[in-house]
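Trainee: Let me begin by handing over the structure; questions about it come next.
Just so you know, all these numbers are worked out from the coordinates, no wet-lab data involved. Remember, it's a predicted structure, so these values are computed and weren't measured experimentally. Please note: Cβ atoms are built from the backbone with ideal geometry, for glycine as well, and neighbour counts cover all protein chains shown.
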Amino acid sequence: MPLPKADAWIDVFEGLKKLRKSWPMGGWSWDTRLSCVTSSFGVQFEGEARSAAAQALPAEWTQASLLRAP
């Protein structure tokens, strides 16, 4: 299977740039337990965080929709 061209990643990185720029709280850190970046925020920022995340991660799975996930 051929590797994707670098152009295929442009949309991914652009979405991540938008997410970082519009994230309601500063401060990202590396979570060694899960090998991922993390950021915490108060519940009052949930709407802003969801909106920012949707720019880079358009699919959202919840307990109710997980069974329909690909």
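Trainee: What is the helix-to-structure angle for 10-22, meaning the angle in degrees between its Cα long axis and the longest Cα principal axis of the chain, kept from 0 to 90 and rounded to the nearest 10?
Mentor: Taking the Cα atoms of the chain, the angle to 10-22 is about 10 degrees.
Trainee: Quote the charge dipole size of the chain about the Cα centre in Debye, to the nearest 20; the model charges only the Cβ of Lys and Arg (+1) and of Asp and Glu (-1). Could the numbers behind the result be given before it?
Mentor: On the way: 8 positive and 7 negative charges, 13 e Å.
My answer is approximately 60 debye.
Trainee: Using only Cα atoms, tell me the angle between helix 46-56 and the longest principal axis of the chain; keep it within 0 to 90° and round to the nearest 10.
Mentor: For 46-56 against the chain, the angle is about 10 degrees.
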